[in-house]
Amino acid sequence: MLNDPNVEVARAVVGVGNDYPPSFELALHTHRRGQFLHATTGVLAVSTPQGAWVSPPQRAVWIPPGTPHAVRMIGPVSTRSVMIDPAIGQFDRCCRVVGVSPLLSALLAEACETALEYDEAGRDGLVMRLIVAEIERAPVIPLAVPFPSAPALAMRCHAFLEAPSVKSGVDEWADALHLNRRSFTRLFRRETGMSFAEWRQQACLAMALQRLVAGASVTEIALDLGYDSPASFSTMFRRVLGVPPSRYSV
């Protein structure tokens, strides 16, 4: 471990690094500070009572201060992160997956090697301030699966994550919840902030990323998710993440 996230120091930004074995899980917990959680290897699956976020390399999860969250490591994971005092910066109040530029990645690695009681007026302080500026401008990546608060809908969403399929449709869900199509689509967007089709895609993508890193083939994942062909799955994957699914295959 490079620095301890639970140690309180009189610095606004603190670097934290860890190396985890495959399938390691951090139980539900909170931090007083906001956490910018970045994995240089492996994939992070972050869950809160409000949703789930999956973060492959070149991505990170922003976890606001005081947010209860659990983290599961998919593959061997090395994290290089920072803990940020809530009094500084302009950050989202909800969890987000964001892009990590090569510059930000290098800065995070440097932060994790920096002593806890660094000189705020010197080079280390400049590095930390630059990290905050880079995080504030980092692009949001659509890798979120928000959970609704309505109990019946939430139960169905959680069940879907156990066996996601692009074939699952609005009418099927509406019938299961005893709603007409229009009422269901309104409820779903109000509860999740997404259309059903957007949420279904994100849920399928989140599960696909985890299975890719675990060693499943692109063909196997595509067919299990209900795609007509591996090519159609790969097209969706590349459109959303900018890289082919083979990028995350072991």
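The table for this structure:
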| item | result |
| --- | --- |
| At least 18 Å along the helix axis (C-alpha) and Kyte average at least -0.5, DSSP helices within the chain | 123-136, 196-214 |
| Expected 222 nm ellipticity per residue - DSSP helices of 4 or more, -39500 (n - 2.57), all of the chain, to 500 | -11500 deg cm²/dmol |
| Added length on full extension, which subtracts the Cα-Cα distance from 0.36 nm per residue, L177 to R189 | 2.8 nm |
| Peptide ranges 228-237, 94-103 listed from the most packed, as the mean C-beta count within 10 angstrom indicates | 94-103, 228-237 |
| Sequence ranges 36-47, 154-165, 211-222, ranked by mean other-Cβ count within 10 angstrom, highest first | 36-47, 211-222, 154-165 |
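Laboratory data are not the source of any read-out in this text; all were calculated from the coordinates shown. Since we're looking at a predicted model, the values are computed, not measured. A quick note on method: Cβ atoms are made from the backbone with ideal geometry, for glycine too, and the neighbour counts reach across all protein chains shown.
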